[in-house]
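Coordinate-derived values only; no laboratory data. Keep in mind the model is a prediction, meaning the values are calculated, not measured. Cβ: placed from backbone, ideal geometry, glycine included. Neighbour counts: every protein chain shown.
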Amino acid sequence: MNVELINIHKWFGPVHANDGITLRIPSGVIQGLLGENGAGKSTLMKILSGFYQADEGEIRLDGKPVKIESPADAIRHGVGMLHQDPLDFPPMRVVDNLLIGHRGGLFPNRAEAIRAMQDLQARFGFNIDPYAYVDSLTVGERQQLEIMRLLWLGARVLILDEPTTGISANQKEKLFATLRALAEQGMTVIFVSHKLEEVEELCHRVAVLRQGKLVGEVEPPYRTEDLVKLMFGKVVLPEDKTHFDSKESLFRLENLSIEDYRLQIRNVNLTVHRGEVIGLAGMEGSGQRQFLQACAGIIRPVAGEIYLGEKRLTGRPYREFLEAGITYVPAARLEEGLIPGLTLTEHFVLAEPQNGFVVNRQKAEVLTTQRIADFSIKGVPSSTVESLSGGNQQRALLAMLRQPLSVILLEHPTRGLDIESTIWIWGKLKERCRQGTAIIFTSADLEEILHYSDRILVFFGGKVSQPIEATKTSVEELGQLIGGKGF
Amino acid sequence: MVRTSSRWTNFVFQLLAIVLALAFTSLVMVLAKANPLEAYRNIVVGSLGSINKFSDVLVAWVPLLLATSGLLVTYTAGLWNIGVEGQITLGAIFTTWALRVLQDSTLSPGLIIVIGFLSGALGGMLWASVVAFLRIYGGVNEIFGGLGMNFVATALTIWLIFGPWKRPGIGSMSGTEPFKETLWLPTFAGLRISPWSLVIGIIGIAVIYILLQGTYFGLKLKAVGRNRRAAFLLGIPTTQYMWAAFLLCGLFAGLAGAVQVLGVYHRLIPSISSGYGFLGMLVAMLINYQPAWAAPVAMFFAALNIGSIQLPIVMKLDSTLSGVLQGALVLAVLLMDGVRQRLLRRR
Amino acid sequence: MDTVLVIGIAGILASAAPIVFAAIGETIIERAGVINLSVNGAILLTAMAGFAVAVTTGSVVWGLLVGALIGALVALIVAFASITLKQSQVAVGFVLALLCRDLAYFLGNPYMGRSGPRLPHLPVPGLADIPVLGAILFQHDLMTYMSFALIVLAYVYIFRTRPGLVLQGIGERPAAAYVRGANVNLLRYVYTVVGGALIGLAGPMYSLSVKAGWKGTISGLDGIGWIALALTIFGGWNPLRAALGAYFFALLQWLGLVLQPSLPNIPSQVLQVAPFPLMILTLLLVNIGNAEWVDRTLAGLPEKARHAVARVLRAMRTSPPAALGMPFEKE
């Protein structure tokens, strides 16, 4: 199907998220949509898929102007969107997931749905049990399920929003093959990403958005520098790699084993040095989170030992880990890190050691004003944390870290942040390393892991690789390991 | 500028809520074929008409204020302590127990009364600890644990009144044998209100006010209530804080029960809690959990309760009218607050 | 078979019928993602109103209809406050529970102790004469038969039909249901009101049949609604299990009555509360696997024991619809 977006405008309050974007995509093409966070690509795709309505502009499908009122309306017009976090029903069966939203009589025809699903599976080489529960599938399989569902509903335009986050290399190959096959059959595929390499590999043409505007359309052969220049306006030079690894042992794990009802991590041995940064790579849900939480004393390992210096921490309560200077910074900022309804001042009071019985409000205000300035948080001491933007929430979380600390454990420290905030936050973290703090962090972004780590552990389904020197590996090698090759 | 205008809209919406509640209650009275204005007049006269009546309002105010104070703590911790009714009842039972054991001893009456209060507090804490235990270690929502324990407390009261503690002769719904007058809280001459219970009530809410508004304990409790996971990760011992909230609320509820026995009924009766626990929850919701407003609003609710006592005699109306008005008021405030926020979001 | 036992079982099935209605009504509401805490007050209010209407009109049908209507109205307030106004569902439900209770006592005053019509006994021709089974299953009033039908209908609807799958979806992941074309908030309104009507039928089923008449505060109905709420959780949001819980509760009440004569020292009020602690105990069993300390303790156990205990806990555990109590807003 030919898709035409003509002069699309969208405002959110004062923010001009889409500023007169015109984009024409012929059928049978895989169109890449590049841009950093906040460039407006998600907004544009949500307009096309019916989540939002454009304030101005027109959408034409096969030349006919259409009004798309809702996501369900979009799929009736043949436009289907695959969300970054698959929008499905985890505790329900695969076949029931297909049936919800499919029109028909009172009693759904499961046999028909399964037949249709098996046909599609055969076509693309998928292999999902129709009676399995969705929460037992991997993210990649859940994507496959969503693709099949959209095709079954008659989608002829497929939008994919950052689909390669959290899936294995194998599944990525399969996904790309599927998309190529679909395009050959005349489908229109829109591939939204900020990963240059993937876009270059897959897309027939690429449109780049920056600050709500379409700043360029590029066709192969691609030159990476051109794309980068379009995305950021200028070529960003990555700042110098600074490393403070002292080779002096600080934090030691011996034969550490962790277990929860889905995952088993066996016999991890690791010695972390003062000032060292350890990156944890792997698809989401491969055990990095459990590993970090075990290091923080939040979950108790089923076997093995944890030492900080000579102090044995195995099996001790979380509070003792905290008092020993080990801190965990969760990824879900408003769910786990900050307390909605409380002000910045109240957060900093809570984060500092208790001093007496009555809170000294004045002193707390002074401290907060200082921290707000130090960490350039856009807010005032009486701002509630939920009123801050994501980047400012992350800054507040870092500003709450005590001084000094032995080990900081971070989960996705820069997820959802723009490149400037990312660089700024790593500057602050490296500052800590210079003081001798060790950092262990997870990230879905391999570039980030390679760039900031001294050593890297790769996780795959609970298996943990030997520590890898960051200078002696590459995105390709890590990618293989993440996909389970080489364990 | 923005602040003042939002304060004004707040005020207007609260006024609207009161009008709405009054309109609803009036409608209900019309349904019951009664004259609303006369009923409201009777309530006012019945609560403020004389110094005697006002002293009765104070008699109801103290236990209600104590229950509300305790509930402010559990609300701050994000807990719905519906079990507060049972905790008041257990406070009353423990106080009665202590008095029964000690009434014939050689201890001075003053000391026995003090012991009565302490036992009451202990009884409330004991009952609260059951709910706390179920919630913290068993994952049983405190609403259901609390409700179950309320029913058990009622059954326990009735069993005691008709069983081991029955009056000489035959047990009856009128309760246990009254204690001798030396074990009653001394009252102002000619009135039913005791200066001592007033002191306890006022100190109680003052303690809660300071605790919640100014201390680390209050702030940490608030953190636990708003986001338990984040509070835990920040190093606040959430389990201990939840225990503290339940026990503190139980303590205050137990004191309310003790006041009911020592200062009001002087014996154990089947409905010794007088529903002040649930009423306290309504007060806490109405004041949006702000301790500063607890005393006046509890006073207002107590006046409604006392004022409607004579409705059955004067107008042949059920005295639960006060409950209808109180419930309608809280519901209207919740609804109007929702409407106000919705309008603000729209803008 | 012992006739006492047969009559007992038939009595349990009949006296559980209102609880079956209330628990399934609440199950449907919570499946849609809304918590309705007003059940206890709604049952009292509809029991009073249903009785009053039946006395005034002489028709039990009107009594039932008015009950359903008021139940739906109370639920509508919960829906409006929580879905449209986004207020705390627990707070609004709790206030309504108290308000409706007091309304029932206030407005029911003139009807106290009056005699009124009762649901007629309707033995099913032919089937009622089957030995034992006939007496147990086919000699009830209309609403008891309806309670049997409701269990099956609700189960089939939720788990086997297309709209039932959507119902599960809006309580589980409203955003995903929305992209599949479900009007989440409208459906939540509809299911809350329908569930409220079912709860509203429970009241007249008491005052016109199971505990006929209106006796104000001593009607013995205060507390039933809370039991129905607990049964919803105990039933794991499954109508079949919730109904089983209701029969278990009725059995306990019946045992209390049967045992009464042999335990003369215990007042009847004490035996009547026996189901409540038991209810807490069953909630404890289904919930304990969710408690935090369990994981920590398990990690310290030897491997075999750890796996065995974890398996038992997981089998007992029930988990609520993921979006229960959370308002839905598209973006």
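Here region C:175-203 and region B:1-64 have alpha carbon centers that stand 35 Å from each other.
Full-extension gain between A:SER387 and A:ASN355, please, as 0.36 nm times their residue separation minus the C-alpha to C-alpha distance. Don't skip to the end; give the middle numbers.
On the way: separation 32, 0.36 × 32 = 11.52 nm, distance 2.81 nm.
In short, 8.7 nm is gained.
Expressed as a fraction of 2.2 N^0.38 Å, the value expected for a compact globular protein of N residues, the C-alpha radius of gyration of region A:374-485 is 1.20.
Quick one: go through region A:341-360 and flag any residue whose amide nitrogen is under 20 Å from the point 7 Å out along the Cα-to-Cβ line of A:ARG316. Label zone hits: A:352-354.
Note that region C:11-28 has calculated 3J(HN,Hα) couplings of x, 4, 4, 6, 6, 7, 3, x, 5, 4, 4, 5, 5, 6, x, 5, 4, 5 Hz, one per residue in order, obtained from phi through the Karplus relation 6.51 cos²θ - 1.76 cosθ + 1.60 (θ = phi - 60°); glycine and proline are x. Size of the protein assembly as shown from its Cα atoms: along the principal axes, largest to smallest, the extents are 101, 76, 66 Å.
Applying the Karplus relation 6.51 cos²θ - 1.76 cosθ + 1.60 with θ = phi - 60° to region B:22-35 yields 3J(HN,Hα) values of 5, 4, 4, 4, 4, 4, 4, 5, 4, 4, 7, 6, 10, 8 Hz, where x marks Gly and Pro.
Between A:VAL15 and C:VAL4, the simple spin-label model (points 7 angstrom out along Cα→Cβ) gives 7.4 nm. A simple charge model with +1 on the Cβ of Lys and Arg, -1 on the Cβ of Asp and Glu and nothing else charged puts the dipole of chain B at about 1120 debye relative to its Cα centre.
Mind checking the alpha-carbon convex hull of region C:3-252 and giving the volume per residue in Å³? Walk me through the numbers before you get to the answer.
On the way: hull volume 30.4 nm³, N = 250.
For region C:3-252, the hull spanned by Cα atoms encloses 122 Å³ per residue.
The spacing between region A:322-380 and region B:282-347, judged by their C-alpha centroids, is 37 Å. Under the criterion of Cα pairs below 8 Å and six or more residues apart, the relative contact order for chain A equals 15 percent. In vacuum, with every alpha carbon of region A:168-232 counted as one equal point scatterer, what does the Debye formula give for log10 I(q)/I(0) at q = 0.11, 0.13, 0.19, 0.23 Å⁻¹? Two decimals, please. Each listed q corresponds, in turn, to -0.28, -0.39, -0.79, -1.04.
Based on the alpha-carbon set only, what is the convex hull volume of region B:176-289 divided per residue, in Å³?
Values: hull volume 14.9 nm³, N = 114.
Expressed per residue, the convex hull around the Cα atoms of region B:176-289 is 130 Å³.
Put in order of Cβ neighbour count within 10 Å, fewest first, the listed residues C:TYR145, C:TYR105, C:TYR111 become C:TYR145, C:TYR111, C:TYR105. In whole angstrom, how far apart do the alpha carbon centroids of region B:167-210 and region C:101-125 sit? The distance from the Cα centre of region B:167-210 to that of region C:101-125 comes to 39 Å. Measuring nothing but how far apart in sequence close Cα pairs (under 8 Å, 6+ apart) lie, relative to its length, chain C scores a relative contact order of 32 percent.
With a Förster radius of 45 Å applied to the C-beta separation of A:TYR131 and A:ARG434, the computed FRET efficiency comes to 0.25.
Apply 1/(1 + (r/R0)^6) to the Cβ-Cβ distance of A:ASP85 and A:ALA177, taking R0 = 22 Å, and write down the FRET efficiency to the nearest 0.05. Walk me through the numbers before you get to the answer.
Numbers: r = 23 Å, r/R0 = 1.04.
According to the calculation, E is roughly 0.45.
For region A:3-232, the C-alpha radius of gyration divided by 2.2 N^0.38 Å, with N the number of residues, is 1.01.
Listed by chain and number, the aspartates and glutamates whose alpha-carbon sits under 20 Å from that of B:LYS316, ignoring those within fewer than 8 places in the same chain, are B:GLU38, C:ASP102. Counting other Cβ atoms within 10 Å as a rough exposure proxy, the listed residues C:THR217, B:THR89, A:THR22, A:THR437 run A:THR22, C:THR217, A:THR437, B:THR89 from fewest neighbours to most. Sorted largest first, the spans of the alpha carbon positions of region A:346-401 along the three principal axes are 33, 20, 18 Å.
I want to verify the translational diffusion coefficient of region C:83-203 in µm²/s; compute it with Stokes-Einstein, Rh as the Kirkwood radius over Cα pairs, at 37 °C and 0.692 mPa s. Rounded, D is 179 µm²/s. Along its principal axes, region A:189-290 has C-alpha extents of 53, 37, 25 angstrom, given from the largest down. Within straight-line reach of A:LYS463, meaning a Cα separation under 28 Å, sit the following lysines at least 8 residues removed in sequence or on another chain: A:LYS172, A:LYS174, A:LYS195, A:LYS247, A:LYS311, A:LYS472, A:LYS485, C:LYS304. Summed over qualifying helices (DSSP H, 4 residues or more, each -39500 (n - 2.57)) and divided by its residue number, chain C shows a 222 nm mean residue ellipticity of -22000 deg cm²/dmol.
Modelled spin labels at B:ILE210 and A:LYS213, positioned 7 Å past Cα toward Cβ, are 6.3 nm from each other. Taking amide H as placed 1.01 Å from N in the peptide plane, the amide H of B:ARG167 sits under 5 Å from that of B:SER172, B:GLU177, each at least 5 places away or on another chain. Would you mind checking region A:158-190 for residues with the amide N under 20 Å from a putative spin-label position 7 Å along Cα→C-beta of A:ARG24? Counting backbone N atoms under 20 Å from the label point, the list is A:158, A:186-190. Please report the base-10 log of the normalised intensity I(q)/I(0) for chain A, using a Debye sum with one equal scatterer per alpha carbon and no solvent, at each q in 0.12, 0.13 (1/Å). The Cα Debye sum returns log10 ratios of -1.20, -1.34. Set against the 2.2 N^0.38 Å expectation for a compact globular protein, region C:38-98 has a Cα radius of gyration ratio of 1.25.
Mean projection of the Cα convex hull over all viewing directions, computed for region B:52-115: 6.0 nm². Neighbour counts of other Cβ atoms within 10 Å put B:CYS249, A:CYS203 in the fewest-to-most order A:CYS203, B:CYS249.
For helix A:139-152, report the angle its Cα long axis makes with the longest principal axis of the Cα atoms of chain A; keep it between 0 and 90° and round to the nearest 10°. That works out to roughly 20 degrees.
Quick one: length gained pulling B:GLN103 to B:GLU181 fully straight, 0.36 nm per residue minus the C-alpha distance? Intermediate values should be presented prior to the final figure.
On the way: separation 78, 0.36 × 78 = 28.08 nm, distance 1.08 nm.
My answer for the length gained is 27.0 nm.
Can you give the FRET efficiency to the nearest 0.05 for A:GLU112 and A:LYS485, using r as the Cβ-Cβ distance and R₀ = 25 Å? Efficiency computed from Cβ-Cβ geometry: 0.05. Compared with the dominant principal axis of the Cα atoms in chain A, helix A:361-374 is inclined by about 60°.
Spin-label pair C:ASP129-A:LYS247: with each label point 7 Å from Cα along the Cα-Cβ axis, the two points sit 10.1 nm from one another.
Under 11 Å from a label point set 7 Å out along the Cα-to-Cβ vector of A:LYS378, the amide N atoms of region A:1-37 belong to A:15. In the structure shown, do any of A:LYS363/A:LYS430; A:LYS229/A:LYS428; A:LYS46/C:LYS86; A:LYS10/A:LYS41 have a Cα-Cα gap over 18 Å, and if so which? From the list (A:LYS363/A:LYS430; A:LYS229/A:LYS428; A:LYS46/C:LYS86; A:LYS10/A:LYS41), the Cα-Cα distance tops 18 Å for A:LYS363/A:LYS430; A:LYS229/A:LYS428; A:LYS46/C:LYS86.
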